[in-house]
1. What ³J(HN,Hα) values, in whole Hz, does the Karplus curve 6.51 cos²θ - 1.76 cosθ + 1.60 give for segment 149-164 when θ = phi - 60°, with x put for Gly and Pro?
2. Sum -39500 (n - 2.57) across every DSSP H segment of at least 4 residues in the chain, then divide by the residue count to get the 222 nm mean residue ellipticity, nearest 500.
3. If you plug each phi of segment 123-130 into the Karplus form 6.51 cos²θ - 1.76 cosθ + 1.60 with θ = phi - 60°, what whole-Hz ³J(HN,Hα) values come out, in order, with x for Gly and Pro?
4. What ³J(HN,Hα) values, in whole Hz, does the Karplus curve 6.51 cos²θ - 1.76 cosθ + 1.60 give for segment 216-223 when θ = phi - 60°, with x put for Gly and Pro?
5. Set Lys and Arg Cβ to +1 and Asp and Glu Cβ to -1, take the dipole of segment 74-177 about its Cα centre, and tell me which of Leu106, His82, His143 lies farthest positive.
6. In nm, to one decimal, how far is the Lys185 label point from the Leu106 one, both placed 7 Å along Cα→Cβ?
7. How much FRET efficiency would the formula 1/(1 + (r/R0)^6) give for His157 and Gln96, where r is the Cβ-Cβ distance and R0 is 30 Å, rounded to 0.05?
8. Over segment 80-180, how many percent of alpha carbon pairs lie in each 10 Å bin up to the one with the longest distance?
Amino acid sequence: MEGRLQENIKSIYRRMAHAAMRTGRGPDEVKLIAVSKNVSADLLKKAIEAGLRDFGENRVQEFREKRQLLSQEIRFKSPETHCGYSVCWHLIGHLQKNKAKDAVALFDVIQSVDSAELAGLINILAEKAGKIQRIFIQVKLSHEVSKHGILKEDIMHILNVLEGMQNLRIEGLMTIPPFFEDPEKARPFFRELREIRDRAGAMGFKIAELSMGMSHDFEIAIEEGATMVRVGTAIFGERKKEAA
Ligand SMILES: *Cc1c(COP(=O)(O)O)cnc(C)c1O
């Protein structure tokens, strides 16, 4: 597995670089978030040793348990990453309100903020924790598929609401398009998220990041402007079936 892991990572970085170059961007302008949900603490540690720095988890409880199995030394202060530590943790799954306190304690970036209410709660908890919580807004672009997320027509409103929350820093938008066999079909969704970001930018909201693209469609997402791709299967292999 270790040799395989190295190979997978190398191949993904190569494909990411090519996709970035096709849009005139440099290879370091897109971040790889390794999605380590359902991955053991052991394998996660190997991925860190293999050089990965950003990890995405979708369940607070699972990550808290895993984090306890990893030695404290695995994360040390480092000026080389965006989070200031050797490893940065991202929450990418729906956050229940009763887990929000743990999430604020555990994650550098919460990418799955999907309601003004949840944002308000995170803001209060972050203030109590003496932290500025970095967040992304999860955008729901299609009615059928993704359960969670803020409807695109409500984005400007929520940005206005969140602007007053002192302990939040809104850095980006995240989306999960419907699954298509043909990844080309996801392209309009990625494009739409970029357009929303650009419209928000024109109204004075500085939300630079676009977290979009997964194992089967990350190159298309990068061609449409992704600044972060969230890749699990292509790094770690097929996951065991997820518990409900
Ligand atoms: C699981 C997951 C991913 C990664 O999916 P893969 O197809 O394994 O690359 C990305 N984003 C979110 C929100 C996920 O839940």
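1. So the Karplus estimates, Gly and Pro as x, are x, 8, 4, 4, 6, 9, 4, 4, 4, 5, 4, 5, 5, 6, 4, x Hz.
2. Numbers: 9 runs with 96 residues, N = 244.
Rounded to the nearest 500, the figure is -12000 deg cm²/dmol.
3. Whole-Hz 3J(HN,Hα) from phi for segment 123-130: 4, 5, 5, 5, 4, 4, 7, x.
4. In residue order, the calculated couplings are 8, 9, 5, 5, 5, 4, 5, 4 Hz.
5. Looking along the dipole axis, the top candidate is Leu106.
6. Taking the two extended label points, one gets 3.4 nm.
7. Efficiency for this residue pair is about 0.80.
8. Reading upward from the zero bin: 16, 49, 29, 6, 0.
The values are calculated or read from the model by the stated rules, or taken from the named source; none is laboratory data. On a predicted model such as this, the values are computed, not experimentally measured, just so you know. Using ideal geometry, Cβ is built from the backbone for each residue, glycine included, and neighbour counts are taken over all protein chains shown. Please note that ligands, DNA and RNA were not included when accessible areas were found on the heavy atoms of the full protein model with its side chains. Shrake-Rupley method; radii C 1.70, N 1.55, O 1.52, S 1.80 Å.
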